[in-house]
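The values are calculated or read from the model by the stated rules, or taken from the named source; none is laboratory data. The model shown is predicted, which means the values in this text are computed figures rather than measured ones. As a convention, Cβ positions derive from the backbone with ideal geometry for all residues, glycine included, and neighbour counts pool all protein chains shown. Remember, those area values only see protein heavy atoms, side chains included, never the ligands or the DNA or RNA. Shrake-Rupley method; radii C 1.70, N 1.55, O 1.52, S 1.80 Å.
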Amino acid sequence: MSEKELVRFKIDGLEVEAERGSMLLPVALDYGFEIPHLCHHEAVSPYGACRLCLVEVTKNGRTRMTTSCTYPVEDVIEVSTDTDQIRRARRLLLELLLARSSRAELIQRVAKEAGVTETRFKAVDDDCILCGLCERVCREVVEANAISFVNRGDRKEVAPPFWDPMACIACGACVYICPTDCIKMEEKGDERTIVRWKRTLKMQKCKSCGKPFAPLFQLNWIIDKASLPKDFYDVCPVCKQMG
Ligand code: SF4
Ligand code: SF4
Ligand code: FES
């Protein structure tokens with residue numbers, strides 16, 4: 001088995017090592033450094049949307065500020081995670097986020113931790129911080145490609161194409177990953193709704209216990225994708241386990 005190639009560098013003066021190709025943010029977090037971050041998740045690729053994970057990287061005598069979640073680690077770099085310049089930039093970003101999503105508890109908490117409790121910017125009041133985690137999990141993990149970024153500037157948002165959620169299998173992955181909890185899932189009777197995308201699907205009822213357990217559309221989608229037997233999901237996972 002080939003050995004992993006390691007690179008060695010410094011974070012706030014501490015010698016650290018990491019596998020070549022790793023991004024700086026997860027490495028720094030593993031070493032216990034506290035770097036705020038809102039659009040990073042280990043299950044999906046880095047995107048660099050929130051810019052809160054700013055650090056300063058010095059290489060060959062030149063220092064620049066960069067987002068650590070999108071910076072691949074290198075030998076001989078020196079990283080600073082908490083300078084005056086970083087704190088100033090972060091506070092500005094958090095003021096903008098507070099204006100956008102003042103009701104989101106996570107934003108209030110992260111802003112407060114950075115000493116930001118008020119914003120000088122005009123309130124927008126949208127709980128979505130445009131972190132793109134929902135879009136990435138849907139495309140990269142679920143592979144349903146049901147939602148994407150649409151429009152630009154002030155009108156930018158995540159939505160199903162042409163507001164038609166026909167590709168959404170209502171699996172709920174985006175609901176779980178959304179950091180501000182603005183994608184709600186409701187289950188009433190034998191229907192599941194992903195409220196933000198206006199997608200309602202009938203649930204499959206277990207042929208053994210009779211309880212609805214997952215959207216039929218989702219189950220058929222998995223059966224097709226994984227070439228499973230057509231009756232694979234006739235019985236819910238709980239009943240299946242009990243034999
Ligand atoms: S619920 Fe719909 S939009 Fe969300 S991850 Fe699943 S398929 Fe994608
Ligand atoms: S809906 Fe949630 S996960 Fe999707 S971009 Fe907005 S804040 Fe991020
Ligand atoms: S976590 Fe790096 S830009 Fe959001």
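Structural remarks
- For residue 32, the conditions (1) at negative phi; (2) at pLDDT 95 or above all hold with the exception of (1).
- Flag set for residue 224, criterion: in a helix (DSSP H, G or I), open to solvent by 80 Å² or more (accessible area, probe 1.4 Å), charged (D, E, K, R) and without any contact (Cβ under 8 Å) to a residue 40 or more places away in the chain.
- So residue 51, is it within 19 Å of the chain's Cα centre (by Cα), within 28 Å of residue 9 (Cβ to Cβ) and within 16 Å of ligand 2 (Cβ to nearest atom): yes
- Members of region 27-66 found to be under 22 Å from residue 112 (Cβ atoms) and assigned to a strand (DSSP E or B), listed by number: 54, 55
- Every pair of residues 6+ apart whose Cβ atoms lie under 7 Å, when the first sits in region 130-145 and is in contact (Cβ under 8 Å) with a residue 12 or more places away in the chain and closer than 19 Å to residue 181 by Cα while the second is more than 14 Å from ligand 3 (Cβ to nearest atom) and hydroxyl-bearing (Ser, Thr, Tyr): 135/148
- Listed by first and then second residue, the pairs with beta-carbon distance under 9 Å, at least 6 apart or on different chains, first residue in region 31-54 and in the same structural domain as residue 13 (by TED's automatic domain parsing) and β-branched (Val, Ile, Thr), second open to solvent by 20 Å² or more (accessible area, probe 1.4 Å) and in a loop (DSSP other than H, G, I, E, B), are 35/82.
- Cβ separations smaller than 8 Å between residues 6+ apart or across chains give the following pairs from region 227-243 residues that are in the same structural domain as residue 212 (by TED's automatic domain parsing) to residues that are open to solvent by 90 Å² or more (accessible area, probe 1.4 Å): 234/207; 235/207; 236/211.
- Output for region 201-221, where each listed residue is surrounded by fewer than 17 Cβ atoms within 10 Å (Cβ to Cβ), of a type outside the set (Gly, Ala, Ser) and outside any helix (DSSP H, G or I): 202, 205, 207, 209, 211
- Per this entry, residue 180 is counted among residues that are of a type in the set (Ser, Thr, Tyr) and in contact (Cβ under 8 Å) with a residue 40 or more places away in the chain.
- Only strands (runs of 3 or more DSSP E) whose full extent lies in region 132-197 are considered here, and the ones with at least 2 residues that are more than 9 Å from ligand 1 (Cβ to nearest atom) and of a type in the set (Asp, Glu) are 185-188.
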